[in-house]
Amino acid sequence: MTMKKFTLFLLGALASQTAFASVVINQTRVIYPGDMKFVSVQLVNESDKTHLVQSWLDEGDPSAAPEKIKVPFSITPPVVKMDAHSGQTLKITGINTASLPADRESVFWLNVLDVPPKPAGSADNYLQVAIRNRIKVFYRPASLQELDSSVIEKVSISTSGSHACLKNNSPYFLTIPQVVAWQGGQLKQERTDNLLSDTVFIPPFGCALVPDKIRSGTQYRLTWLDDYGAKRFSTFH
């Protein structure tokens, strides 16, 4: 491992969050259609200083060192200096996507590490803190269309004793931040009364455990995120 790579990775481990990043990703998720040679992701440096940016993909382990990760994609440029108030396009290219399942989506993570410049006149022992943005990248086989409300019709509730889960009988990953009770076309509870304790992320043909107060036979309104990260609403039971 080179000292440059080690330093960038260490800084990323110190601060992996998005709240105060100057370099931001202009989307909340990336969809990579299987019939595309590459997809582009736009970065913007919102600060008035030049920032160093490192980008890489991983398979779900945020602590994995970039140079040790093997994914069926390449990303260019992996390291770049971004001038103040400038943009930068990242290019994600598939290099071995034939190894991925052809009947369902696969998920990876895009990491963008923002390293700010060292302030002029700072001490030699100045601690430089980098901020890492991390968003999902969905590889979608060419046989699958854009995610739409018809996919939610494949969501069901499975209960066994005191356990309940949301079953995803579709080939798509589903992100569901909210479930509320629905009765007679009206909300049974206030919109803020979310029956989920946390957002659930359900893999294709998988199941996510949910609070046992969500039971089969009851109608609910489900909030789900579409391909653009926008909230959509559907009823199910």
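Checking Pro77, Pro72 one by one, the residue that is of a type outside the set (Lys, Arg), farther than 23 Å from Ala230 by Cα, touching a helix residue (DSSP H, G or I) at 6+ places or on another chain (Cβ under 7 Å) and modelled with pLDDT of 95 or more is Pro72 and no other. Only a single criterion out of (1) of a type in the set (S, T, N, Q); (2) within 26 Å of Asn26 (Cβ to Cβ); (3) in contact (Cβ under 8 Å) with a residue 24 or more places away in the chain is not satisfied by Thr76, namely (3). Looking across the stretch 28-55, the residues that are in a strand (DSSP E or B) and within 26 Å of Leu174 (Cβ to Cβ) come down to Arg29, Val30, Ile31, Tyr32, Pro33, Phe38, Val39, Ser40, Val41, Gln42. Among the criteria (1) outside any strand (DSSP E or B); (2) in contact with a Lys or Arg (Cβ under 8 Å, 6 or more places away or on another chain); (3) under 30 Å from Pro203 (Cα atoms), the one Asp114 does not fulfil is (1).
Within the stretch 130-158, if we keep just the residues that are touching a Lys or Arg at 6+ places or on another chain (Cβ under 6 Å) and surrounded by 14 or more Cβ atoms within 10 Å (Cβ to Cβ), the residue that is nearest to Pro101 (Cα to Cα) turns out to be Lys136. Restricting attention to the stretch 26-57, the residues being free of Cβ contacts under 8 Å to residues at least 60 places away in the same chain and under 19 Å from Ala230 (Cα atoms) number 2. For the stretch 79-93, a residue qualifies if it is in contact (Cβ under 8 Å) with a residue 60 or more places away in the chain and under 18 Å from the mean Cα position of the chain (by Cα), and exactly one does: Ile92. Among residues of the stretch 201-237 being small (Gly, Ala, Ser) and part of a strand (DSSP E or B), the one that is nearest to Leu174 (Cα to Cα) is Ala208. Of the residues contained in the stretch 144-167, none is found to be within 23 Å of Trp56 (Cβ to Cβ), touching a residue at least 24 places away in the same chain (Cβ under 8 Å) and either outside any strand (DSSP E or B) or outside the structural domain of Pro33 (by TED's automatic domain parsing) (or both). Look at the stretch 193-219: where a residue is free of Cβ contacts under 8 Å to residues at least 24 places away in the same chain and crowded, with 16+ Cβ neighbours inside 10 Å and a partner is assigned to a loop (DSSP other than H, G, I, E, B) and of a type in the set (Val, Ile, Thr), sitting 6+ places away or on another chain with Cβ atoms under 9 Å, you get Leu196/Ile214.
The values are calculated or read from the model by the stated rules, or taken from the named source; none is laboratory data. Quantities reported herein were computed from a predicted structural model and do not represent experimental measurements. Every residue, glycine as well, gets a Cβ built from its backbone with ideal geometry; the counts of neighbours run over all protein chains shown.
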